Amino acid sequence: MSAAAHLATRGRELLARDSGLLWHPYASLDAGARYAVTGANGVRLTLDDAHGTHEVIDGMGSWWSMVHGYRNPVLDAAAHAQIDSFSHVMFGGLTHAPAVELAERLVAMAPGDLAHVFLADSGSISVEVALKLVLQYQHARGHPGRQRFAALRGGYHGDTFAAMGVCDPVDGMHAAFARPGAEQLFLPRPPAARLTVEDTWEFDAAEFAGWETESRALAAAHAPELAGIIAEPVLQGAGGMYVYAPAALRVLREIADEHDLLLVLDEIATGFGRTGKLFASEWAGVVPDVMCVGKALTGGYLTLAAMLCTPQVAGALGGAHGTGTALLHGPTFMGNPLACAVANASLGLLTGSGDPHAADAPWRGQVAALETGLLEALAPAAALPNVLDVRVLGGVGVIQLHEQVRVAEVTAAAVRHGAWVRPFRDLVYVMPPYISSADEIRLLGAALVAAVDHVHGS
């Protein structure tokens with residue numbers, strides 16, 4: 001048996017063994033994996049299913065994290081080097097070079113004066129830590145009654161319970177759960193916006209004015225109960241790949257300042273260049289009090305996230321040298337050296353040796369090329385009868401339908417045309433690796449358009 005045939009057979013065996021054994025994200029036990037991965041390199045996956053072997057471009061970038069591609073030699077080397085030293089050590093009372101270096105890198109990259117770092121296991125956990133910090137901050141400043149958060153409708157911040165509490169309560173993925181703790185305040189979703197080729201933002205000014213008036217009034221009415229505001233800047237990801245005007249962030253910043261609230265920005269999906277800025281908050285020139293990052297942090301190799309905050313926030317807890325109030329969170333794998341070492345290598349690939357905001361920083365050219373390629377490759381979808389909208393922002397490309405996506409059918413059609421996608425709701429979207437070539441983006445776009453046309457074309 002050839003090596004390829006052996007892998008294909010093994011892939012089908014894995015699917016059979018997986019079925020009914022493993023849960024997969026947002027799926028029942030009997031509706032899990034349809035494909036087995038038997039190889040990955042660069043931007044391509046080798047998939048096996050009942051019909052054979054498929055080599056596909058990973059349009060999802062492993063849920064937006066695999067920005068440098070699979071088997072990246074720099075990240076591989078960083079992982080091997082750290083394993084040869086030590087893979088893990090508890091972070092309680094101890095430190096190590098990969099964690100310190102990573103914190104220094106994040107502080108140097110972050111907007112404004114975000115100067116203190118908490119290393120977390122995942123994006124959702126970084127949100128949990130951020131919410132805890134905001135509540136502790138308000139308590140330390142003599143406001144223990146400030147227990148609620150204001151969040152934007154349409155938002156998504158993770159699957160753990162506190163993070164679920166600030167996700168959209170109706171159209172989000174957690175409507176089936178009772179909300180623990182304080183009921184949060186939900187501000188209306190800002191009006192949709194589009195970035196033009198001239199780098200200006202188009203949106204309905206009257207609609208925006210109405211949103212601003214309603215949001216300011218809601219926040220003012222509930223200000224004594226509120227501790228902070230949380231939002232995904234500019235792009236709401238799992239809430240519908242929804243793009244809104246950066247001006248809304250400036251309004252949220254003003255509301256927070258007016259009512260002594262902390263502004264938390266969830267940059268887990270948008271950080272590290274995905275929207276065309278190093279951090280999406282930079283589209284508005286807004287600096288949050290607290291920021292969460294994750295996903296692309298390790299280039300998709302290992303789970304790791306971080307929460308950053310300003311000296312003002314950290315100072316409320318006091319004790320830079322061990323005499324203050326503890327931030328009450330401490331994961332077993334906090335500051336995992338292996339993950340931190342790979343994250344340092346990943347950030348090095350994004351930023352190069354110079355200023356991460358410089359015009360020649362590697363991420364900037366990569367994301368600009370993605371944007372140009374996606375705009376061209378997805379444009380034909382706009383002429384399809386069931387397509388409502390086609391939009392691109394940085395390294396994000398979206399085809400929105402007039403109806404719910406027939407997920408299994410679109411996925412299968414895309415695989416046949418050489419692309420892996422994971423549609424949801426009414427969206428067929430991609431967030432491919434930054435290293436994708438122009439030809440690979442053309443192939444990816446053509447596969448998406450063909451899949452949508454095949455399944456939803458009439």
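The values are calculated or read from the model by the stated rules, or taken from the named source; none is laboratory data. If you're wondering where the values come from, they're calculated on a predicted model, not measured in any experiment. Counting neighbours? That spans all protein chains shown, and the Cβs are built from the backbone with ideal geometry, glycine included. Accessible surface areas use protein heavy atoms only, side chains included; no ligands, DNA or RNA. Shrake-Rupley method; radii C 1.70, N 1.55, O 1.52, S 1.80 Å.
The gain in end-to-end length when the L375 to L14 segment is fully stretched comes to 126.2 nm, 0.36 nm per residue minus the alpha carbon separation. For segment 396-453, a Kirkwood hydrodynamic radius built from all Cα pairs, placed in the Stokes-Einstein relation at 25 °C and 0.890 mPa s, yields a translational diffusion coefficient of 217 µm²/s.
Residue by residue, segment 303-311 carries 3J(HN,Hα) couplings of 6, 6, 8, 8, 10, 10, 9, 7, x Hz when phi is fed to the Karplus relation 6.51 cos²θ - 1.76 cosθ + 1.60 (θ = phi - 60°); x denotes Gly or Pro. Between amide H atoms placed 1.01 Å from N, distances below 5 Å from I229 occur with A150, L262, L263, V264, all of them 5 or more places distant or on a separate chain. Across segment 187-198, computed HN-Hα scalar couplings (Karplus, 6.51 cos²θ - 1.76 cosθ + 1.60, θ = phi - 60°) run 7, x, 6, x, x, 5, 9, 9, 8, 7, 5, 8 Hz from first to last residue, x flagging Gly and Pro.
Distances between placed amide hydrogens fall under 5 Å for S122 paired with A305, all partners being 5 or more residues away or on another chain. Given a cut-off of under 8 Å on Cα pairs at least six residues apart, what relative contact order in percent is computed for segment 211-271? Dividing the mean separation by the residue count of segment 211-271 yields 43 percent. Only helices reaching 20 angstrom along their own axis (Cα) with mean Kyte-Doolittle hydropathy no lower than 1.0 count here, and for the DSSP H runs of the chain these are 337-351.
Restricting to DSSP H runs of at least four residues, report the calculated mean residue ellipticity at 222 nm for the chain, -39500 (n - 2.57) per run over all residues, nearest 500 deg cm²/dmol. Counting only the DSSP helices, I get -11500 deg cm²/dmol.
Rolling a 1.4 Å probe over the protein heavy atoms gives the chain an accessible area of 42 Å² per residue.
Summed over all non-identical Cα pairs, the Kirkwood treatment of the chain gives a radius of 23.0 Å. Counting Lys and Arg as +1 and Asp and Glu as -1 over every other residue whose Cβ lies under 14 Å from the Cβ of V43, the net charge comes to -1. Packing-based ranking of 407-418, 28-39, 434-445 yields 434-445, 407-418, 28-39, ordered from highest to lowest mean Cβ neighbour count within 10 Å.
With the crude spin-label approximation of a point 7 Å out along Cα→Cβ, what separation in nm comes out for R216 versus T200? About 2.4 nm separates the two model spin labels. Extension gain, A326-H454: 0.36 nm per intervening residue step, less the Cα-Cα distance, totals 40.4 nm.
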